[in-house]
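Written out below as structure tokens is the structure these notes cover.
The values are calculated or read from the model by the stated rules, or taken from the named source; none is laboratory data. Because the structure is predicted, anything quoted here is derived from the model rather than measured. Quick reminder, even Gly has a Cβ in these numbers, built from the backbone with ideal geometry, and neighbours come from all protein chains shown. Each accessible area value is taken on the protein alone, full model and side chains, heavy atoms only, with ligands, DNA and RNA left out. Shrake-Rupley method; radii C 1.70, N 1.55, O 1.52, S 1.80 Å.
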Amino acid sequence: MVKISNWPGMLLLIAALMITGCSSKTDSEPVNAPTESKEIKPLNKAEAITLISEAIEMSNRLFAKKPMLTTEEIYEHYDPLFTRDYVDQIELNGGNLKETDGTWAYAYEGGELLEGTFINSLIEDSVSIENEKDGKKITVTNEVGDGLYAPHKEIITLVYTDAGWKIDDLVWEK
């Protein structure tokens, strides 16, 4: 039981806490405060070539650790440099991989990859780059002359995501 003689001290303590609590500043921003937009740094030609070259190496290492992967493992492998749309359209549904019982493997082990499903090595003199006005999209064109495949242009679309620049699309144009 609380003694009545302690009430004045308790009331004083409660009043002090209420005044202090109501007048103190909060550490968080108001809900409607404008957020600073992250400045997008466009890529120059050399940076775009470097990113795409790293992506080519990443693609070549897809089955380096084991011969069959789940869809989630494929997404994780490609996530640093490719969007999910790219992985879905080009990698999983491009015809080079086949799914069996929930795991993926090369459809034609040791065979050539299908046209339009991979990026050839880039040679700086054969590459052009175009930045979109909004700064969130870059189109890289890689002109490929001779080799196993007919001469063509590879149109590679890079998009800016929350995680940085990623490859979003690939089209071979003859």
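Count Lys and Arg as plus one, Asp and Glu as minus one, and take only other residues whose Cβ is under 14 Å from that of Q89; the net charge is then -3.
Derived scalar couplings between HN and Hα for region 106-114 equal 4, 6, 10, 3, x, x, 6, 7, 6 Hz in order, rounded to whole Hz, by the Karplus curve 6.51 cos²θ - 1.76 cosθ + 1.60 (θ = phi - 60°), x for Gly and Pro.
Using the Cβ atoms and a cut-off under 13 Å, what net charge is assigned to the surroundings of G145, where Lys and Arg are +1 and Asp and Glu are -1? That works out to -2.
Couplings 3J(HN,Hα) for region 148-161, derived from phi with the Karplus relation 6.51 cos²θ - 1.76 cosθ + 1.60 (θ = phi - 60°), are 6, 10, 4, x, 7, 10, 9, 9, 10, 9, 10, 10, 8, 10 Hz, where x marks Gly and Pro. Over all other residues within a Cβ to Cβ distance under 13 Å of W172, the charged ones net out to -3, with Lys and Arg as +1 and Asp and Glu as -1. Overall shape: oblate for region 51-152, with the ratio a/c of the largest to smallest alpha carbon gyration tensor axis at 1.5 or above and b/c at least equal to a/b.
Computed with every protein chain present, the accessible area of Y160 is close to 50 Å² [probe 1.4 Å]. Near D79, no amide H atom lies under 5 Å from its own; only residues 5 or more places off or on other chains count, and H is placed 1.01 Å from N.
Remark on L62: its backbone amide H falls under 5 Å from none of the residues 5 or more positions apart or on other chains, H modelled at 1.01 Å from N. Rolling a 1.4 Å probe over the protein chains gives K45 an accessible area of about 70 Å². In order along region 131-139, the Karplus-derived 3J(HN,Hα) couplings, from 6.51 cos²θ - 1.76 cosθ + 1.60 at θ = phi - 60°, round to 8, 6, 4, 6, x, 9, 8, 10, 10 Hz, and Gly and Pro are given as x.
Classify region 132-174 as rounded, prolate or oblate, taking a ≥ b ≥ c as the square roots of the eigenvalues of its Cα gyration tensor: rounded when a/c is under 1.5, otherwise prolate if a/b is larger than b/c and oblate if not. Taking the square roots of the gyration eigenvalues as a ≥ b ≥ c, region 132-174 is prolate.
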